[in-house]
Amino acid sequence: MSIDAIVKQIEALPERQREELLDQLDTIYGDQIDPAALSPGMKFLIEERDARYEADPTNVVTWDQLLASLRRAQ
């Protein structure tokens with residue numbers, strides 16, 4: 001099966017099943033992400049966001065709030 005065919009099958013899944021798939025992939029492969037492979041721009045963005053959090057840890061959005069916002073935008 002081609003990657004394109006797999007992607008089309010994934011896109012056809014209900015949202016909850018796609019979320020479960022992402023969770024499983026993260027569990028399996030999440031520790032294989034090499035921080036050294038990040039581009040300088042990506043590293044800068046992470047450092048900038050970390051600094052903003054450190055400056056005001058109360059100014060955050062929870063994962064549930066983010067998902068709700070994304071769902072409303074669809």
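The values are calculated or read from the model by the stated rules, or taken from the named source; none is laboratory data. From a predicted model like this one, the values you see are computed outputs, not experimental measurements. Here the Cβ is made from the backbone with ideal geometry for all residues, glycine too, and neighbour counts use every protein chain on show.
Can you name every residue in the stretch 47-73 that is within 30 Å of ARG18 (Cα to Cα) and hydrophobic (A, V, I, L, M, F, W, C)?
If the condition is that a residue be within 30 Å of ARG18 (Cα to Cα) and hydrophobic (A, V, I, L, M, F, W, C), then VAL60, VAL61, TRP63, LEU66, LEU67, ALA68, LEU70, ALA73 are the ones that fit.
When only residues in the stretch 34-59 that are under 16 Å from the mean Cα position of the chain (by Cα) and exposed (fewer than 10 other Cβ atoms within 10 Å of the Cβ) count, which is farthest from ILE10 (Cα to Cα)?
Among residues in the stretch 34-59 that are under 16 Å from the mean Cα position of the chain (by Cα) and exposed (fewer than 10 other Cβ atoms within 10 Å of the Cβ), the one farthest from ILE10 (Cα to Cα) is PRO35.
Hey, could you check the stretch 32-46 for residues that are over 30 Å from ARG16 (Cβ atoms) and in a helix (DSSP H, G or I) and say which is modelled with the lowest pLDDT?
Among those that are over 30 Å from ARG16 (Cβ atoms) and in a helix (DSSP H, G or I), it is PRO35.
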